[in-house]
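A.B. asks: Sharing a structure below in structure tokens format, with a few things to ask.
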Amino acid sequence: MFQIQELTVSYQTGMLALDRVSMSVDRGEIVALVGESGCGKSTLARAVLGILPPSAQIGGKIWLEGEEIIANLTPGWRGAKAGLIFQDPMTRFNPFMPIVAHAREMLAAHGVPPSEVRQRLSQALAKVKIDPDRAQNYAHELSGGMRQRVMIALTLLLQPKLLIADEPTTSLDAKTARGILQEIVDLCRQEERGMILISHDLNLVRRYCDRVAVMLEGRIVETNTPERLFCAPEHAYTQSLVASYRPYQRVCLPSSLPILEAKHLTKRYGNFVAVEDVSFVLYAQEVLGIIGESGCGKSTTARMLANLIKPDRGEISIGDRSLSRPARARKVQMIFQDPRASLNPAMTIGQAIADPLYIHKMAVNVTQQVGAVLDQVGLSRSLVHRSPKELSGGQLQRVAIARALILQPEILICDEPVSMLDASLQQQILQLLSDLQRSYQLSLIFITHDLNLAHHFCDRLLVMYQGKIVETGQAKVIMTNPQHPYTQSLVNN
């Protein structure tokens, strides 16, 4: 049904993004595309849809159902015959438009009458377990996981023949991710649609895909069935990729005195209760994990702890002082899930890292401080003049960590800090966080939907469900002997 032959993408700078890539997808087949950040996976997806920048030079052939794409690409073809689910949904929504307006605009461009918009959108939202009433919401009113599910729903509106999913589940908890991906896979197979799944989650790849193509430096170096590829990888890079997926095991540090205490935190948005009566303690040099499904209140809790939003009720204290005091608030810094979206594209890397110093009136020896923190996160000082778009995902996450460290905090809140990275980069960032924790004697609040990671990286866990903490305890105890029915469903699913 779909075929790429000798596809090459290069830029005027001399960069070769894709080097003679060939692959195919049959009707109803799910083909995974895996590889490290910057290997060319997303470039391939954008080449298929004709959304590469004008400076890109394309060679080779792409066919979909017998039609040669590069020569005959039209605006109406994109979306109706091939659809792309983007990795970073927040940057793909117009912040001034509710979800229903996005659907109306897309369907109108393809000649669908306005009378059918609400019905089609309601059906698509229901498929990804979103209440159709949320169609009136804006993107910023949804959690990261909900935004990703809405992005999937909008892509399915036009029922494309080929679906390209670029890391479609990075913002979702494991249970929801499996459910949504199973629905997409079932849809593709039942209706004989092809699918290319770009992912760094090798568990999902192994479970749902028929074939796996491994990319390295713009080339496909190995293609095989999941069983053969994971049991007997042939290429040296594939062997290292499979080996790097073993769970990271952090060396636990002894916890001592409480460093942060949250009491009865509650946050509402209109009639929606995001967080209700949440209380817990964080100990010195501890890694406290917060797990739960998308929309359960994890990120809202994190933003209250980081003093980014105010609770409607409750209080947060560091030591014996309230977090609301500026001197205390500096002691808590946050690493966001999507580093690219959290950085100002108009600022250089050096300016982004230094910005907190100016905000908190601590701008002394700025160049020296920025250079020192870049050293600590393993980045070259020469990057200070670069813009965020010139860095890879792994580099950007290190920049986000450097920006958080520049104020010398006592507590780092890590909101899904590795969910958008491939397995090898995840290992590097986790090792970096562990090293920094020991060097700075930091306490970490680690928000994740990766239960395997929570098991091996965290000391204690808080399990959140519908805005409440339903279980807390040592990570290894909860993961091996969960008590609450919801925790049991998470662990055993």
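The values are calculated or read from the model by the stated rules, or taken from the named source; none is laboratory data. Since this is a predicted model, take the numbers as computed values, not measurements. Every residue, glycine as well, gets a Cβ built from its backbone with ideal geometry; the counts of neighbours run over all protein chains shown. Note: areas computed on protein heavy atoms with side chains; ligands, DNA, RNA excluded. Shrake-Rupley method; radii C 1.70, N 1.55, O 1.52, S 1.80 Å.
A.B. asks: For THR13, are the conditions met, namely being open to solvent by 40 Å² or more (accessible area, probe 1.4 Å) and either assigned to a strand (DSSP E or B) or not charged (D, E, K, R) (or both)?
C.D. replies: yes
A.B. asks: Can you find even one residue in the stretch 347-370 that is in contact with an Asp or Glu (Cβ under 8 Å, 6 or more places away or on another chain) and open to solvent by 60 Å² or more (accessible area, probe 1.4 Å)?
C.D. replies: Scanning the stretch 347-370 turns up no residue that is in contact with an Asp or Glu (Cβ under 8 Å, 6 or more places away or on another chain) and open to solvent by 60 Å² or more (accessible area, probe 1.4 Å).
A.B. asks: Among the residues of the stretch 193-219, count how many are β-branched (Val, Ile, Thr) and either within 12 Å of GLU36 (Cα to Cα) or free of Cβ contacts under 8 Å to residues at least 24 places away in the same chain (or both).
C.D. replies: Going through the stretch 193-219, the residues β-branched (Val, Ile, Thr) turn out to be 196, 198, 205, 212, 214.
Remaining after also requiring either within 12 Å of GLU36 (Cα to Cα) or free of Cβ contacts under 8 Å to residues at least 24 places away in the same chain (or both): 198, 214.
Matching residues across the stretch 193-219 total 2.
A.B. asks: Out of curiosity, is ILE411 in contact with a Lys or Arg (Cβ under 8 Å, 6 or more places away or on another chain), closer than 28 Å to ALA284 by Cα, in contact (Cβ under 8 Å) with a residue 12 or more places away in the chain and open to solvent by less than 10 Å² (accessible area, probe 1.4 Å)?
C.D. replies: Yes: the conditions hold for ILE411.
A.B. asks: Let me ask something else about it. When you go through ILE58, ILE62 one by one, which is the residue that is of a type outside the set (S, T, N, Q), crowded, with 20+ Cβ neighbours inside 10 Å and part of a strand (DSSP E or B)?
C.D. replies: ILE62
A.B. asks: Could I ask something else about it? Anything in the stretch 102-120 that is touching a helix residue (DSSP H, G or I) at 6+ places or on another chain (Cβ under 9 Å) and surrounded by 12 or more Cβ atoms within 10 Å (Cβ to Cβ)? List them, or say none. Before you say what the answer is, go through the steps one by one.
C.D. replies: Of the residues in the stretch 102-120, the ones touching a helix residue (DSSP H, G or I) at 6+ places or on another chain (Cβ under 9 Å) are 102-104, 106-110, 112-114, 116-118, 120.
HIS102, ALA103, ARG104, MET106, LEU107, ALA108, ALA109, HIS110, VAL112, VAL117, ARG118, ARG120 - these are the residues of the stretch 102-120 that are touching a helix residue (DSSP H, G or I) at 6+ places or on another chain (Cβ under 9 Å) and surrounded by 12 or more Cβ atoms within 10 Å (Cβ to Cβ).
A.B. asks: Checking VAL48 against (1) assigned to a helix (DSSP H, G or I); (2) in contact with a Leu (Cβ under 7 Å, 6 or more places away or on another chain), which single condition isn't satisfied?
C.D. replies: (2)
A.B. asks: Keeping to the stretch 257-292, report how many residues are crowded, with 23+ Cβ neighbours inside 10 Å and not aliphatic (A, V, I, L, M).
C.D. replies: Matching residues across the stretch 257-292 total 3.
A.B. asks: Additional query: List every residue pair whose Cβ atoms sit under 7 Å apart, with the two residues 6 or more apart in sequence or on different chains, where the first one lies in the stretch 279-304 and is at negative phi and charged (D, E, K, R) and the second, anywhere, is open to solvent by 10 Å² or more (accessible area, probe 1.4 Å) and part of a helix (DSSP H, G or I).
C.D. replies: GLU293/LYS175; GLU293/THR176
A.B. asks: Let me ask something else about it. Would you be able to tell me the number of residues in the stretch 338-386 that are of a type in the set (A, V, I, L, M), in a loop (DSSP other than H, G, I, E, B) and closer than 28 Å to THR91 by Cα?
C.D. replies: 5
One line per residue, one yes/no per condition, for (1) over 26 Å from the mean Cα position of the chain (by Cα); (2) not polar (S, T, N, Q):
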site	(1), (2)
TYR11	yes, yes
GLY14	yes, yes
LEU18	no, yes
SER24	yes, no
GLU29	no, yes
LEU33	no, yes
GLY40	no, yes
THR43	no, no
